[in-house]
Structures are given as C-alpha cells and as structure tokens.
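S.K.: Starting off with a structure, shown below.
The values are calculated or read from the model by the stated rules, or taken from the named source; none is laboratory data. Being a predicted model, the structure only gives us computed values, none of them experimental. All Cβ positions, even for glycine, are placed from backbone atoms using ideal geometry, and neighbour counts span all protein chains on display.
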Amino acid sequence: MIRIDVPHALCNECRQCCHFVAPPFLTPYASRGLEEATALSEDFRSRSGLPTLSPDVKNEIPVWTCSILNGSDYVCRDWPDHPLDCRIYPLVFYSEGNSSKIGLDPSCPYSNRQPLTWFGEKARQIREEVWSGWTDEQKRTLLPFFRTDAFPDLIPLLSLSDGP
C-alpha cells in the first residue's frame, strides 16, 4: 500500500490537511458525496468506511473536520489505512483538460523536506501500483474532482497518460 509518511510532529504543527475551509474542494474524494464515492476504487475508503465532514469553528473561521481525525491528539483514527488521497498527500491528482496528472502541493511543509525527484518517484509508484489497477469507469469518476484551482501553486510531476 502506497503511503507518504509525513512526520506526525510536522502535521501537528501545520494541521492543514484534515480541516477544510471550502468543502468539497481539498477534501478527501470519498467524503464529497455518496453518489460519486460508490464508483470510486476501494483505495479511497478508510477502514471505517467513507469519511464525512463535520462543521466546526476554529479561530472564528468556519471549517469542516474529517470524521476519522481524532481531534484531541490530531491523529487519524484509521492510520495507516486512511483514504488514498490522504495517504499520498502532499501529492495530489489533478487534470489538464482530459488528461489526469499527479502534482505536488507546495503549501504542505513536507513538500520541501524531500527533493523533487523523490516526490517524482512516489508519483511513478502511484501510477504503476494504483492508477494502472483502476477501471476506466473509476478513472472517469475521479476526473471531475481533479481540480487545479483547488491547488493554485501545484508543481506538475507526472502524467497518468494511460486513459482518462
């Protein structure tokens, strides 16, 4: 199972990924709606099923928090089996037209802790071990979620050229 192990201490400092200010953007794909999620690969489900988002307020800002996050110690309850898009972050799927790609989100503090070539190798591993195993229907289901505007400073790494 592919996973990028961002050090917990760094996640605990940042706390960006499991709190969302504008759902459904930047949220785990499976949490964006049951209709779409039923067609997704099992890779996007956690051990406890589909994550949901709960409204909350942090520092007077409305946010939504992932249901599998333990708020007291900021640990994912389903670690290491949380949804794929969470496991591979700061790598993200995105699209340009009808072409699916993988990029790096430089807003994650971990993105500058490894060389770009290291992230490129992880992206190739995702393409070979995960993307290539999905059906065309699963890839088409995901394509509308691969939004570049959700990650405006995205660093392009790899094309997923074998299909949608």
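S.K.: Which residues, counting only those in segment 105-122, are modelled with pLDDT under 95 and under 12 Å from residue 156 (Cβ atoms)?
M.R.: Selection gives 105, 106.
S.K.: Condition (residue is surrounded by 14 or more Cβ atoms within 10 Å (Cβ to Cβ), in contact (Cβ under 8 Å) with a residue 24 or more places away in the chain, of a type in the set (D, E, K, R) and in a loop (DSSP other than H, G, I, E, B)) applied to segment 101-112: is it met by at least one residue?
M.R.: Checked against the condition, which is being surrounded by 14 or more Cβ atoms within 10 Å (Cβ to Cβ), in contact (Cβ under 8 Å) with a residue 24 or more places away in the chain, of a type in the set (D, E, K, R) and in a loop (DSSP other than H, G, I, E, B), segment 101-112 yields at least one hit.
S.K.: Moving on to the next point. For segment 78-86, does any single residue satisfy the condition of being modelled with pLDDT of 80 or more, outside any helix (DSSP H, G or I) and within 19 Å of residue 141 (Cβ to Cβ)?
M.R.: yes
S.K.: While we're looking at this one, here's another question. Looking at segment 53-74, I want the residues that are farther than 18 Å from residue 8 by Cα and have a partner that is among the charged types (D, E, K, R) and assigned to a strand (DSSP E or B) with Cβ atoms under 9 Å, at least 6 apart or on another chain. Which pairs are those?
M.R.: Going by the 9 Å Cβ cut-off, the qualifying pairs are 62/56; 63/56; 64/56.
S.K.: Considering segment 50-82 alone, what residues qualify as being exposed (fewer than 11 other Cβ atoms within 10 Å of the Cβ) and aliphatic (A, V, I, L, M)?
M.R.: 57, 61
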